[in-house]
Amino acid sequence: MQQIEKPLFTIRDLRAYELQADDMPALQRFFEANPLYFKIVNGSPAAASEALDVLKETPPAEWGFTKKWLLGFMDQSDNIVAMADVVSDLLAQGVWHIGLFIMATARHGSGDAQAVYAALESWAKQNGARWLRLGVVQGNVQAERFWARVGFIQVRTRTDVKLGHCVHTIRVMVKALDNGMMPEYWTLVERDRPEI
């Protein structure tokens, strides 16, 4: 993969770029080389069209958002070693959503995921994020622990969510980036209020 433009930000030996349509073959190779996420969440390896599907998929129009970012984190050989799918101003101004966050399996346990996430959080905050939200599959223990460790808290669950061949309970998790309090967040994102 050739990257001529300046990276959005850097982390350790990695550079973050916004992926474009011509980067999809490299992203697809990354997905196929790192099937763990897809096996846990979808019950099968990445589909042959997974990268293109991720590129094209957007939130429902009625939710409102500013932009969907598809980020690739490249090593010194221009290989994708991590990726993130981020939506800015989802449901409300200042609420950014992390749809996917996948680190190459070979880099698990290296501290790279925490470093990449910290740089991603800083970049989002510099670009207007006040809150980060995401959904994590209940039972994906490694992911649940990771997101709690970097400061996310569960605000609610969503049950019977079909992902690939599986039906899951999704833990909706949120992190304030500017000392915001949860009542403020729930005013912005009514759908994330805890179940009664």
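The values are calculated or read from the model by the stated rules, or taken from the named source; none is laboratory data. Nothing here was measured: the structure is a model prediction, and the numbers come from that model. Cβ sites come from the backbone with ideal geometry, for glycine too, and all protein chains shown count toward neighbours. To get the accessible areas, we keep the full protein, side chains included, count just its heavy atoms, and leave off ligands, DNA and RNA. Shrake-Rupley method; radii C 1.70, N 1.55, O 1.52, S 1.80 Å.
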Selection count where residues are of a type in the set (Lys, Arg) and open to solvent by 50 Å² or more (accessible area, probe 1.4 Å), scope the range 44-81:
2
Taking the range 179-196 and the residues there that are without any contact (Cβ under 8 Å) to a residue 24 or more places away in the chain and charged (D, E, K, R), the one that is surrounded by the fewest Cβ atoms within 10 Å (Cβ to Cβ) would be Glu190
Among (1) of a type in the set (Gly, Ala, Ser); (2) under 19 Å from Leu27 (Cβ atoms); (3) open to solvent by less than 60 Å² (accessible area, probe 1.4 Å); (4) assigned to a helix (DSSP H, G or I), the one test that Gly99 misses:
(4)
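Yes/no per residue for (1) in a helix (DSSP H, G or I); (2) among the hydrophobic types (A, V, I, L, M, F, W, C); (3) open to solvent by 70 Å² or more (accessible area, probe 1.4 Å):
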{"residue": "Gly109", "(1), (2), (3)": "no, no, yes"}
{"residue": "Glu121", "(1), (2), (3)": "yes, no, no"}
{"residue": "Lys125", "(1), (2), (3)": "yes, no, yes"}
{"residue": "Val172", "(1), (2), (3)": "no, yes, no"}
{"residue": "Lys175", "(1), (2), (3)": "no, no, no"}
Between Gln142, Gln138, Gln154, which is over 13 Å from the mean Cα position of the chain (by Cα), among the polar types (S, T, N, Q) and closer than 17 Å to Ala82 by Cα?
Gln142
Answer yes if at least one residue in the range 127-145 is of a type in the set (S, T, N, Q), open to solvent by 50 Å² or more (accessible area, probe 1.4 Å) and over 24 Å from Asp160 (Cβ atoms), and no otherwise.
yes
Taking the range 141-196 and keeping residues in contact with a strand residue (DSSP E or B) (Cβ under 7 Å, 6 or more places away or on another chain) and aromatic (Phe, Trp, Tyr) leaves Trp147, Phe152, Tyr185
All conditions in (1) surrounded by fewer than 18 Cβ atoms within 10 Å (Cβ to Cβ); (2) within 24 Å of Ala33 (Cβ to Cβ) are true of Gln154 except (2)
With Val95, Val41, Val87 as the choices, which residue is in contact with a Cys (Cβ under 9 Å, 6 or more places away or on another chain) and within 30 Å of Met182 (Cα to Cα)?
Val41
Please go through the range 5-19 and give me each residue that is in contact with a helix residue (DSSP H, G or I) (Cβ under 9 Å, 6 or more places away or on another chain) and at pLDDT 95 or above, ordered by number.
Ala16, Tyr17, Leu19
Exclusive hit being closer than 21 Å to His168 by Cβ, open to solvent by less than 20 Å² (accessible area, probe 1.4 Å) and out of contact with any Lys or Arg (no Cβ under 9 Å at 6 or more places or on another chain), set Val87, Val41:
Val41
Scope the range 25-38; condition open to solvent by less than 50 Å² (accessible area, probe 1.4 Å) and more than 17 Å from the chain's Cα centre (by Cα); matching residues:
Ala26
